[in-house]
Amino acid sequence: MTDWIDIAALDDVPQRGARMVKTALGCVAVFRTAEDEVFALDNACPHKAGPLAEGIVHGKSVTCPLHNWVISLETGQAQGADEGRVATYPARVESGRILLDRSFLRARAAA
Amino acid sequence: MTQKLIVIGAGMASGRVLEHLFDAGADFDVTLFNAEPRGNYNRIMLSPVLSGEKTYEDIVTHDTDWYDANGVTCRFGERIASIDREAKTVTAENGDVLPYDKLVFGTGSNPFMIPLPGHDLEGVIAYRDLEDTQRMTGLGPDNKCVVIGGGLLGLEAAAGMAARGVDVTVVHIMGHLMERQLDEAAGYLLRKALVDKGITVKCSANSKGILGENGHVKALLLDDGTELPCDLLVMAVGIRPNVKLAQEAGLAVGKGIHVDDQMMTSDAHVLAVGECVEHDGAIFGLVAPLYDQAKVAAQTLMEQEARFVQKELSTKLKVTGCDLFSAGDFADGEGREDIVFRDPARGVYRRLVIENNVVLGAVMYGDTSDSNWFFGLIRDKTDISDMRDTLIFGPAYQGGTPLDPLAAVAALPRDAEICGCNGISKGQIEDAIAAGATDLGAVRATTKASGSCGTCTGLVEQVLAVNLGDDFVIPAAASICGCTDMTHEDVRRMIKSQRLTSMPAVWQECGWKTSCGCHVCRPALNFYLLADWPLEYQDDPQSRFINERKHANIQKDGTFSVVPRMWGGITTPNELRAIADAADKYMVPTVKVTGGQRIDLLGVKGEDLPDIWADLNAAGMVSGHAYSKGLRTVKTCVGTDHCRFGTQDSTGLGIKLEKELWGSWTPHKLKLAVSGCPRNCAEATCKDIGVICVDSGYQVSIGGAAGMDLKETELLLQVATEQEAIDVIKAVTQLYRENARYLDRIYKWMGKVGLDWIKERVETEHDALVERFEISQSIYRKDPWAEHAQTKADRYQPLANLALEAAE
């Protein structure tokens, strides 16, 4: 059963941008695409733990600011020749609010 | 049975007749007479020989081996004295009498010499053959030359000599240059381009006489009394068909030797081709119809059916840097409408003249890439009513197809002419490719396409690319990234010419293959748009790399570095105290002095940025832009303030420069330095722009680097005053950001366009460049730290903090 937490207004995250959410076990990046979809991923690139929330968002991907790895927002998978994966978490928009599933905190605690 | 063929004149047309005959294996015993002491060469390529881009050897079309291989008896340097058509013999100058079965006239034309007083002085020449060209190449920077005639030939002569450093003046009787091919607007742009090349142009100028000294030309006298001194005077005012011999032989002659559609003269055994002929009232000076005539003449000689038809002609000028094209009829008139496109900044002009939905004429200047397509519309009288709205933008915009550099070529029909000189259509090139020609050289060898004047080389390569796909790589610059096939240069051109002022407009109009670009193209586009449209375009932080979005340099652990500006490297105890306080307050782990004479606070947490900036702002400091593709620092020495060797106030100039330039965005980082004397303590000669102060003023040099590449600057200009130095630096900075590719430092850009080009533009467009720089700075010369600290501070905080939320 899902238990959605209201995080913030959609407009608090710029289009083709991201903001970071602090948790007890590290940061999660919340992305907003040009089409107003939202995605939540660990804020650490599988390469050298670069802060993905600071990357350039294009289509449904983000490019890590440190060494230009391109990460899929949908799967967390590194694109192209690079190999690696970032954990992703359920996220959605409702009435202009960004919601994350409380279970992601549990998943992180268990990890 | 072998027939005896005598050819009089080894020109481009008669040479082509022989090629066609030998290619077809026709059985002729050929004797070739030529008054010039040499064989066939490509006369239209004399201009590149003159400018030094080619040598005579490069433009020889037939060499001794070719004549030998085909059994041609060459009698070069010999004229024909007379012709006996009854007996079918010619008599050479030396008295030899030779019989013929067929005779071909290729006597060409004579340049028209205006019978001005003094026209027979030594040093008054035409521009016609290799001898004339050699006279002109004999001139150098110490010489002056006057060219009478502002038509195609005169301008090619003028530009060729100017390229050799000769001081050239063009005198033209009409109100604008090339008035037969260009309208006034295009004539104006052409004139401007020639003036930029250092050529003096006088239009509406009447020549009165030629003044001499000791039998040699000294000056041209105009009817307003102006004297134009010269060492050489070139008359390029037109040609007259050379009909003397034909007339003496009793052939029908008007302006030229009369020929019918089979290129036959009034005598069935005598043919004529080239500039000496008159067909249906017209005479010919351009190469394309000459080649058509040559083909027809060869077929007639071989007793094949053929017919010469006059076609629409188009003109291109072979002057480097002046791209112009004209075709058809472009005079104003009742019922005619114009579609005009202008881009003053780029010097681009396009005009189409339309009547009853058919294009009658086209004039293009500055960007002639679509000329063949427009020429096809004129020739085929295509109904353009459906594409009228977008017609002027060219074939890539028609029918809703996205813009692909190759789409324009792919869209051409098979009969579209690619090579105007040789009359080679796209279909012929495609056939050659299908038959195994896989590169430019092979296509050239089998079809001759691009083998004459060479301006269609790019098009031929594109036809190759369209047909061979991945098997052929156009030897050109790579595209920006996988989102587009266009190069940086293509896109910059589109942004300027189509007035694309937003990123979605670029994606749409340039056919981006992704929905919203990627981390490679978006920062480039963001820069191009704000550089070209500073007032219209809104900077997009989401298309900037994190450093520029957050106005701080990201470090490997995700923290940031903060560098406040120290104007010209000068600071105060109060500033230093504020920096020390900030370092304490935000627990900055590392404080370092940079190479740009300021202090770097490394290891600041992202969420502390707005606060540390606010504290630094309170002490009067602003962003140092240490993170930007823009102005970084202006390094200085202490100059006359303290140094016993200083020649000028280098520190003062450095501070002024930094205050004028700060906040400006450039294709890559921009580092400056000002040294107070040639001892160069500020290391100005390895900066993007460096100033060395000397007693007499300021040496502004550009293109230095001390990174992955090590480059010494090269002198741009020396100026007398501080203000001039500041303005020159603004001008060159503006030129750099309007033209360079994103992420090219000045030295890389300079390597592509050349210092001379930069110098020329800075000198000739100085004021306009400075003005555009100032317009842009009216938006960007401000402190982003203050703005972010005051209005966007919350963006630097976590969206939410769930650290205290119970996991269970």
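The values are calculated or read from the model by the stated rules, or taken from the named source; none is laboratory data. Bear in mind that the values here come from a model prediction, so they are computed numbers and not experimental data. So basically every Cβ, Gly included, is an ideal-geometry build from the backbone, and we count neighbours across all protein chains shown.
So that you can scan it fast, the table gives a plain yes or no per residue for (1) farther than 24 Å from B:Asp27 by Cα; (2) surrounded by 19 or more Cβ atoms within 10 Å (Cβ to Cβ); (3) assigned by TED's automatic domain parsing to the domain that holds B:His258; (4) at pLDDT below 95:
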position: B:Ala81; (1), (2), (3), (4): yes, no, yes, yes
position: B:Glu93; (1), (2), (3), (4): yes, no, yes, yes
position: B:Asp96; (1), (2), (3), (4): no, no, yes, yes
position: B:Leu103; (1), (2), (3), (4): no, yes, yes, no
position: B:Pro117; (1), (2), (3), (4): yes, no, no, yes
position: B:Leu130; (1), (2), (3), (4): yes, no, no, yes
position: B:Thr133; (1), (2), (3), (4): yes, yes, no, yes
position: B:Gly138; (1), (2), (3), (4): yes, no, no, yes
position: B:Asp142; (1), (2), (3), (4): yes, no, no, yes
TODO: At least 3 residues that are in contact with a Gly (Cβ under 8 Å, 6 or more places away or on another chain) in each: list the strands (runs of 3 or more DSSP E) lying fully within segment A:1-54 that qualify.
DONE: none
TODO: Can you give me the number of residues within segment A:73-91 that are away from chain B (no Cβ under 13 Å), in a strand (DSSP E or B) and surrounded by 15 or more Cβ atoms within 10 Å (Cβ to Cβ)?
DONE: 3
Task: Single condition A:Val62 does not satisfy, out of (1) out of contact with any helix residue (DSSP H, G or I) (no Cβ under 9 Å at 6 or more places or on another chain); (2) more than 8 Å from chain B (Cβ to nearest Cβ) - done: (1)
Open item on the list: Can you confirm whether B:Val60 is modelled with pLDDT of 90 or more and hydrophobic (A, V, I, L, M, F, W, C)?
Closed with: no
Open item on the list: Whether any residue in segment B:740-760 is surrounded by 21 or more Cβ atoms within 10 Å (Cβ to Cβ), of a type in the set (D, E, K, R) and over 18 Å from the mean Cα position of the chain (by Cα) is what I want to check.
Closed with: yes
Task: Failed condition for B:Trp613, given (1) closer than 30 Å to B:Tyr528 by Cβ; (2) part of a strand (DSSP E or B); (3) not polar (S, T, N, Q) - done: (2)
Task: B:Lys659 assigned by TED's automatic domain parsing to the domain that holds B:Ile746, surrounded by 20 or more Cβ atoms within 10 Å (Cβ to Cβ), in contact (Cβ under 8 Å) with a residue 24 or more places away in the chain and basic (Lys, Arg) - done: no
- [ ] Among the residues of segment B:592-610, count how many are under 22 Å from B:Arg544 (Cβ atoms) and not in a loop (DSSP other than H, G, I, E, B).
- [x] 9
TODO: Restrict the check to segment B:487-501 and report whether at least one residue is more than 13 Å from chain A (Cβ to nearest Cβ), polar (S, T, N, Q), over 26 Å from B:Ile779 (Cα atoms) and within 25 Å of the chain's Cα centre (by Cα).
DONE: yes
TODO: Tell me which of these A:Val70 doesn't satisfy, since it passes every other one: (1) without any contact (Cβ under 8 Å) to a residue 24 or more places away in the chain; (2) more than 8 Å from every other protein chain (Cβ to nearest Cβ); (3) closer than 25 Å to B:Phe560 by Cα.
DONE: (2)
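Matching residues to (1) closer than 25 Å to B:Ser47 by Cβ; (2) among the basic types (Lys, Arg); (3) not in a strand (DSSP E or B):
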position: B:Ala205; (1), (2), (3): yes, no, yes
position: B:Leu221; (1), (2), (3): no, no, no
position: B:Val237; (1), (2), (3): yes, no, yes
position: B:Leu245; (1), (2), (3): no, no, yes
position: B:Tyr291; (1), (2), (3): yes, no, yes
Open item on the list: Just the residues that are crowded, with 17+ Cβ neighbours inside 10 Å and either aliphatic (A, V, I, L, M) or more than 28 Å from the chain's Cα centre (by Cα) (or both), please, taken from segment B:195-207.
Closed with: B:Ile199, B:Val201, B:Ala205, B:Ser207
- [ ] Kindly indicate whether any position in segment B:549-556 is touching a Pro at 6+ places or on another chain (Cβ under 6 Å), farther than 30 Å from B:Leu653 by Cβ and either crowded, with 18+ Cβ neighbours inside 10 Å or more than 14 Å from every other protein chain (Cβ to nearest Cβ) (or both).
- [x] yes
Task: Unmet requirement for B:Ala583, which otherwise passes all of (1) touching a Leu at 6+ places or on another chain (Cβ under 7 Å); (2) surrounded by fewer than 21 Cβ atoms within 10 Å (Cβ to Cβ); (3) within 14 Å of chain A (Cβ to nearest Cβ) - done: (3)
